[in-house]
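Each remark here refers to the structure printed beneath this line.
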């Protein structure tokens, strides 16, 4: 499942995963910020790729045990305790979702050209 429909991550990764080639032949569900009952959809996912642009949108109650999570999001959140005044976080609540996941790949400093090899391997 891909959460996010941008032309930069969401749509291309859904096409890559669903094409008739390697990697591919996956049945891909695409959800977005206006998907009703988003949690109902995400709980069914074996692989959850999140690139929606909202800090900590996906919480632990929205995923099943053993899910593979790829958090592509990068959000700047105000943080008075940080000398810079902010911190970076993803679209998935890492602290609570990571313990439930089989594999958790978070990239708050996302570099598409470098990290895209993760999806292919």
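Rule-based calculations on the coordinates, nothing more; no lab input. Predicted model, so just to flag it, every value in this text is computed and none were measured. Methodologically, a virtual Cβ is constructed for each residue, glycine included, from the backbone with ideal geometry; neighbour enumeration extends over all protein chains shown.
General observations
- Förster radius 30 Å - calculated FRET efficiency between residue 76 and residue 27 (Cβ-Cβ, nearest 0.05): 0.30
- Highest-MSF residue in the chain out of 94, 105, 22 [GNM, Cα springs under 10 Å]: 22
- Here the gap between residue 19 and residue 60, fully extended at 0.36 nm per residue and compared with their Cα-Cα distance, gives a gain of 11.8 nm.
- Region 2-120: antiparallel DSSP beta bridges as a percent of all, rounded to 5: 25
- Value of relative contact order over region 2-120, rounded to a whole percent, pairs C-alpha under 8 Å and six or more apart: 22
- Here P(r) over Cα pairs in 10 Å bins from 0, in percent was computed from the coordinates, and among (1) 11, 29, 32, 21, 6, 1; (2) 14, 46, 32, 7, 1; (3) 13, 39, 26, 13, 6, 3, 1 the match is (2).
- Length gained when the stretch residue 6-residue 100 is fully extended (0.36 nm per residue, less Cα-Cα span): 31.2 nm
- Taking the chain as a Gaussian network of alpha-carbon nodes connected by springs under 10 Å, the highest mean-square fluctuation of the residues 79, 71, 25 belongs to 79.
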